[in-house]
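These notes are about the structure you will find just below.
Bear in mind these aren't lab numbers, they're just calculated from the coordinates by the rules spelled out. A quick note: this is a predicted structure, and the numbers were derived from the prediction, not measured. Cβ: placed from backbone, ideal geometry, glycine included. Neighbour counts: every protein chain shown.
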Amino acid sequence: MATTVLDSAPLTGRPYGRRLKSFDRNVLVGGTVFGVGWGVSGICPGAAYASLGIGNVATLWGIAGMFVGAYLQALWCTRGAGEAAAAAAGD
């Protein structure tokens, strides 16, 4: 069985490479929160949207939690970036 390795995007043809991210506290905390949320809700994030299509309205609670979590994460990141900018300006 042959395996083809793609080194460019199938639709655009632009080359892409592997983006390595260091294993730091943010990755550990984010992965933990994601996993706990997935386990507590019992809803796979991708399948949550699909289950709306079959009328599973209770899934809206899980999707609302995903949006709230994404908003809080963005708020936390911008707060950290603002504090870093203020500290750099104070130097």
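So, G42, is that one within 15 Å of the chain's Cα centre (by Cα), of a type outside the set (D, E, K, R) and loosely packed, with under 10 Cβ neighbours inside 10 Å or not? Considered against the rule, which asks whether it is within 15 Å of the chain's Cα centre (by Cα), of a type outside the set (D, E, K, R) and loosely packed, with under 10 Cβ neighbours inside 10 Å, G42 comes out as no. Counting just the residues of region 15-30 that are surrounded by 10 or more Cβ atoms within 10 Å (Cβ to Cβ) and over 19 Å from Y71 (Cβ atoms), which one comes out farthest from the chain's Cα centre (by Cα)? Within region 15-30, the match that is farthest from the chain's Cα centre (by Cα) is Y16.
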